[in-house]
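Quick notes on the structure that follows.
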Amino acid sequence: MSDDHTRVQEFFTARAAGWDRRFPDDGPAYEAAVAGLGLREGARVLDAGCGTGRALPPLRAAVGPSGTVLGADLTPAMLREAARAGRGRDGTLLLADVSALPLRSGSLDAVFAAGLIAHLPHPAENLRELARVVRPGGVLALFHPIGRAALAARQGRPITPDDLRAEPNLRPLLAGSGWHMTSYVDEDARFLALAVHAG
């Protein structure tokens, strides 16, 4: 395992048990972001870096009982919390690295990724891997339940122009990774960038 992966696992392992209690009011933001994917009954979707699985219930509601919902995370402690919260009923939980997913190429209709991009060791490569598993025309949602400025303030740091989530940085990053950004929202209450797999 790389040093980057070890750091991510250590960061989230230390926080897993109290994660949902720290952010108890995020449910409506997750539901709205999932709605933005435009998923249909029977669709196949991955929550990449699913953490405690907060997106899995709205993803299951969107794709219905005939759809496929997968939640992949690198940190076993986060997946244990997802299972403890009963979210394994809404989707299959996978211990997996999003930089090397155990999925067939083109096997998904969409990927939902909450808070993921800041933790990717090689964003361009990792976004290409997400594109690999999504069919042409499939959708990617990069989401955070608060915007960039609000998140920076919460963390006690300034917002910086080199932030990957800044639109001038994110648009070419996505384009170089097989995605075409179709919408971008960065406001205090949420961050949501939607992209289509250019195929």
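The values are calculated or read from the model by the stated rules, or taken from the named source; none is laboratory data. Just so it is clear, the structure is predicted and the values come from calculations on it, not from any experiment. For neighbour counting, all protein chains shown are included, and Cβ atoms are generated from backbone atoms with ideal geometry for every residue, glycine included. When the accessible area is computed, the model is the full protein with side chains, heavy atoms only, and any ligands, DNA or RNA have been set aside. Shrake-Rupley method; radii C 1.70, N 1.55, O 1.52, S 1.80 Å.
Can you confirm whether Arg89 is out of contact with any strand residue (DSSP E or B) (no Cβ under 6 Å at 6 or more places or on another chain) and open to solvent by 50 Å² or more (accessible area, probe 1.4 Å)?
Here the answer is yes, as Arg89 does meet what is asked.
Need the failing condition index for Leu103 against (1) open to solvent by 10 Å² or more (accessible area, probe 1.4 Å); (2) of a type in the set (A, V, I, L, M, F, W, C); (3) in contact with a Ser or Thr (Cβ under 9 Å, 6 or more places away or on another chain), just the number.
Exception for Leu103: condition (3).
Looking at Gly147, Gly199 in this structure, which one is at pLDDT below 90, within 18 Å of Val134 (Cβ to Cβ) and either small (Gly, Ala, Ser) or out of contact with any strand residue (DSSP E or B) (no Cβ under 7 Å at 6 or more places or on another chain) (or both)?
Gly199
Give the number of residues within the range 60-86 that are buried (at least 20 other Cβ atoms within 10 Å of the Cβ), over 19 Å from Leu116 (Cα atoms) and in contact with a Lys or Arg (Cβ under 7 Å, 6 or more places away or on another chain).
Number of matching residues: 0.
Got at least one residue in the range 48-59 being over 22 Å from Pro145 (Cα atoms), open to solvent by 20 Å² or more (accessible area, probe 1.4 Å) and in contact with a Gly (Cβ under 9 Å, 6 or more places away or on another chain)?
No, that holds for no residue.
Going through Val98, Val69 one at a time, which residue ends up being in contact with a Leu (Cβ under 6 Å, 6 or more places away or on another chain) and either in a loop (DSSP other than H, G, I, E, B) or among the aliphatic types (A, V, I, L, M) (or both)?
From the options Val98, Val69, the qualifying one is Val69.
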